[in-house]
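**Q** Here you go, one structure.
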Amino acid sequence: MDATNPNVAVAAAADALPAGAIRAQALVGAGTLVAAAALAGGALSIPADAGYAGVGPNFLPWVVTGLLALCGVLMLREALTGGFRELDEVDGAEQGDWGSFAWVSSGILLNAALITTVGFVASCALCYVLAVQGFRRSQGTVAASAMDWVKDAATGLAISAPVFWMFTKGLAISLPGLTQTGWI
């Protein structure tokens, strides 16, 4: 800030955030650091034995932990030096869209409940269909025809099947399948 230019000082004072907003932003940064510390605690319990590629199974958790901690430090620094600046104006609804939230939540919960019964591919496709319905409704549109539902289901299958095959065949990670063949 230029102390010799009174226009800059007035503009900076007009852009200043209330103390409560700065405190809330600092809490977000601190919470992010706490989450990084929790991830670090979990990463400590993963063995560090290096595999074929020279890194162990704890490599990626430590990368995520480090990046999350860096984000927490940067958010905390930003909050403590005047608050998050250059934020976009709030453009959402005044209140949450609970109907849309229910659609997305039901997709996630049904996925968790059905994954061992109907398999990874079908449960993830169902999760996708319900989440898309929730997102559409939050935008003010609804899948009006049965064809929209079929397209959503086909898209969900087109996403979840290759993921299933990549994990089970490519990475040899066991995911619940619909059949014992391992292909669906």
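**Q** For region 55-122, state which GluC sites (Glu not before Pro) are in a DSSP loop and have at most 12 other beta carbons lying within 10 Å of their beta carbon.
**A** Here the GluC sites (Glu not before Pro) that fit, given the DSSP loop and packing criteria, are E86, E89, E94.
**Q** Also, quick follow-up: Which of S160, S174 has the fewest other C-beta atoms within 10 Å, and how do the rest follow up to the most?
**A** S174, S160
**Q** What's the Cα-based Rg to Rh of region 23-164, Rh via Kirkwood?
**A** Dividing the radius of gyration by the Kirkwood radius yields 1.09.
**Q** For region 98-170, what number results from the quotient of the Cα radius of gyration and 2.2 N^0.38 Å?
**A** So region 98-170 has a normalised radius of gyration of 1.13.
**Q** Something else: Hull surface divided by four, with the convex hull built on the Cα atoms of region 85-128: how many nm²?
**A** Value for region 85-128: 4.8 nm².
**Q** Counting Lys +1, Arg +1, Asp -1, Glu -1, what net charge surrounds Q25 among other residues with beta carbon under 12 Å of its beta carbon?
**A** Surrounding charge for Q25 is +2.
**Q** What are the chymotrypsin sites (Phe, Trp or Tyr not before Pro) within region 94-184 that DSSP puts in a loop, where the Cβ has at most 15 other Cβ atoms within 10 Å?
**A** Listed in order of number, the matching sites are W183.
**Q** With 10 angstrom as the radius, rank M75, M166 by how many other C-beta atoms surround their C-beta, starting from the fewest.
**A** M166, M75
Rule-based calculations on the coordinates, nothing more; no lab input. Treat the numbers as computed from the prediction; the structure is a model and nothing was measured. Reconstructed Cβ throughout: ideal geometry from the backbone, glycine too, with neighbour counts over all protein chains shown.
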